[in-house]
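Enquirer: Here's a structure for you.
The values are calculated or read from the model by the stated rules, or taken from the named source; none is laboratory data. On a predicted model such as this, the values are computed, not experimentally measured, just so you know. Using ideal geometry, Cβ is built from the backbone for each residue, glycine included, and neighbour counts are taken over all protein chains shown.
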Amino acid sequence: MTHAGIVLAAGSGTRVGNSRNKVYLPLAGRRIVTWSLELFRKIPGVGRLVLVVRSEDRELAEEVLDRELPGVPVDLVTGGETRHESEYRALLHLAEEIRRGEIDVVLVHDAARPLAPVRIVEEVLAAAVRNGSAIPALPLEDVAGVDEAGRLSRAGRDGMVRVQTPQAFKSGPLLAAYHAAAADGFAGTDTASCVERYEGVAVHVVPGDPRNIKVTYADDLLTAELVLAASGYEL
Amino acid sequence: MDNVHIVVLACHHCDGEHLHEVTYAGRLLASTVCSNCGHTIAKDLPELRRAYLNDVEHRVRTKPRRMLRRVIRHPVAFALDLPGALLVKPAKLEAELRVLYGRR
């Protein structure tokens, strides 16, 4: 039995005119998406890799994989309109193996998070094997609530976290949750919300990492390059 | 890889998501420019030049290995692409040097 890693690159940002999907931007000599896939390659138990792409990016994705991850088997799946739909399509791609009991845990990761440390993957994976599901998250320390009178309030803020990826789930309940969601027409904001809703699985939280940024702003690119350089990658 | 890429990114300066021109010197990020407000984030040029030289040294050192890998995997495509790749190399290098010595 193995684990599967799904990298979502189908919904990464808006696209205008002839602009490119940001996950195919070079970063320290490789594309952002390559760093995200490479993360799973470093985990010995992850034997299946799936990259979810937009149909118009498929050719580029094939070229990038051939150049930057030669010999690494990565299945390409065309994503849907939403993150939820893209996840479902990736799960349907793995459905037969899941039904045969060949895949234990499925890890779902945003392609736009190229800096996720191996430590996070190992911890969410171990927690999912033990408990059924796990997500990385950081405590929200810099937010403040405001009450109805416009005064600063601490109510309701305790225990709030900022959720990151990769998120890990036992494959059977995950697939069942997405089948049920499809039947209901429900689209969750992230993988955990769907599993919680349909399988009643309590999602465990492991410590995230502040370096695990999602490339969103222009300056995130420079930050990401600096982090990669600092971690010993030769630029 | 091209040295200028157009992508949609969020801008801290004018808010919202807008087209950005992302420029590279070789494999190194050089600058980003927001098409909506012109906000530019650029690396310090002397520092970028130093990093570029180190990177070029690394690229030259690893080129034989990378070429060999491609020959083994795609011998026909390699043979067909090689003349074209050699022809465009000077222009690529010139574009990189333009980023480093005459900020585009």
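Enquirer: Listed residues A:H3, A:H93; which is in a helix (DSSP H, G or I) and more than 29 Å from B:V4 (Cβ to Cβ)?
Expert: Unique residue meeting the criteria: A:H93.
Enquirer: Could you check the range A:191-205 and list, in sequence order, the residues that are acidic (D, E) and buried (at least 17 other Cβ atoms within 10 Å of the Cβ)?
Expert: The one that is acidic (D, E) and buried (at least 17 other Cβ atoms within 10 Å of the Cβ): A:E199.
Enquirer: Restricting to the range B:24-39, give me the number of residues that are touching a helix residue (DSSP H, G or I) at 6+ places or on another chain (Cβ under 9 Å), more than 14 Å from B:N3 (Cα to Cα) and among the polar types (S, T, N, Q).
Expert: 0
Enquirer: For A:D190, which of the numbered conditions (1) in contact with a Lys or Arg (Cβ under 8 Å, 6 or more places away or on another chain); (2) at pLDDT 95 or above fails to hold?
Expert: Status for A:D190: all satisfied but (2).
Enquirer: Say whether the condition of being of a type outside the set (S, T, Y) and modelled with pLDDT under 95 is met by at least one residue in the range A:162-169.
Expert: So far as the range A:162-169 goes, yes, one or more of its residues are of a type outside the set (S, T, Y) and modelled with pLDDT under 95.
Enquirer: Still on this structure, please answer the following. Consider A:V227 carefully, then state whether it is assigned to a helix (DSSP H, G or I), within 14 Å of another protein chain (Cβ to nearest Cβ), at pLDDT below 95 and surrounded by 15 or more Cβ atoms within 10 Å (Cβ to Cβ).
Expert: yes
Enquirer: Just name the residue that is modelled with the lowest pLDDT out of those in the range B:44-61 that are facing another protein chain (nearest Cβ under 7 Å) and in contact with a Leu (Cβ under 7 Å, 6 or more places away or on another chain). Give the derivation first.
Expert: Keep residues of the range B:44-61 that are facing another protein chain (nearest Cβ under 7 Å), which gives B:51, B:55, B:58.
Applying the additional criterion that residues be in contact with a Leu (Cβ under 7 Å, 6 or more places away or on another chain) yields B:51, B:55.
Numbers: B:A51: 91, B:D55: 88.
Here the answer is B:D55.
Enquirer: Quick one: would you say A:V146 is within 14 Å of chain B (Cβ to nearest Cβ), touching a Leu at 6+ places or on another chain (Cβ under 9 Å) and closer than 27 Å to B:C11 by Cβ?
Expert: When the stated conditions are applied, A:V146 does not pass them.
Enquirer: How many residues does the range A:115-152 contain that are among the hydrophobic types (A, V, I, L, M, F, W, C), surrounded by fewer than 13 Cβ atoms within 10 Å (Cβ to Cβ) and in a helix (DSSP H, G or I)?
Expert: The qualifying residues number 1.
Enquirer: Something else now. Of the conditions (1) of a type outside the set (D, E); (2) in contact with a Lys or Arg (Cβ under 9 Å, 6 or more places away or on another chain); (3) surrounded by fewer than 15 Cβ atoms within 10 Å (Cβ to Cβ), B:P46 clears all except one; give me its number.
Expert: (2)
Enquirer: Is it the case that some residue within the range A:60-69 is part of a helix (DSSP H, G or I), within 14 Å of the chain's Cα centre (by Cα) and within 14 Å of another protein chain (Cβ to nearest Cβ)? Outline the logic, then answer.
Expert: Restricting attention to the range A:60-69, the residues satisfying the condition of being part of a helix (DSSP H, G or I) are A:60-68.
Now narrow it down to the ones that are within 14 Å of the chain's Cα centre (by Cα): none.
No, the range A:60-69 has no match at all.
Enquirer: Now a separate question. Looking at (1) modelled with pLDDT under 95; (2) under 22 Å from A:T191 (Cα atoms), can you tell me which one A:V23 breaks?
Expert: All conditions pass for A:V23, except number (1).
Enquirer: Answer yes or no: is there a residue in the range A:70-93 that is under 17 Å from A:V206 (Cα atoms), modelled with pLDDT of 95 or more and in contact with a Phe, Trp or Tyr (Cβ under 7 Å, 6 or more places away or on another chain).
Expert: No, there is no match, as no residue in the range A:70-93 is under 17 Å from A:V206 (Cα atoms), modelled with pLDDT of 95 or more and in contact with a Phe, Trp or Tyr (Cβ under 7 Å, 6 or more places away or on another chain).
Enquirer: Also, quick follow-up: Scan the range B:18-41 residue by residue and report those that are under 15 Å from the mean Cα position of the chain (by Cα), more than 11 Å from A:A218 (Cβ to Cβ) and surrounded by fewer than 19 Cβ atoms within 10 Å (Cβ to Cβ).
Expert: Those that are under 15 Å from the mean Cα position of the chain (by Cα), more than 11 Å from A:A218 (Cβ to Cβ) and surrounded by fewer than 19 Cβ atoms within 10 Å (Cβ to Cβ): none in the range B:18-41.
Enquirer: Quick check on the range A:36-50. Is at least one of its residues in contact (Cβ under 8 Å) with a residue 60 or more places away in the chain, crowded, with 16+ Cβ neighbours inside 10 Å, within 12 Å of chain B (Cβ to nearest Cβ) and among the hydroxyl-bearing types (S, T, Y)?
Expert: Within the range A:36-50, not a single residue is in contact (Cβ under 8 Å) with a residue 60 or more places away in the chain, crowded, with 16+ Cβ neighbours inside 10 Å, within 12 Å of chain B (Cβ to nearest Cβ) and among the hydroxyl-bearing types (S, T, Y).
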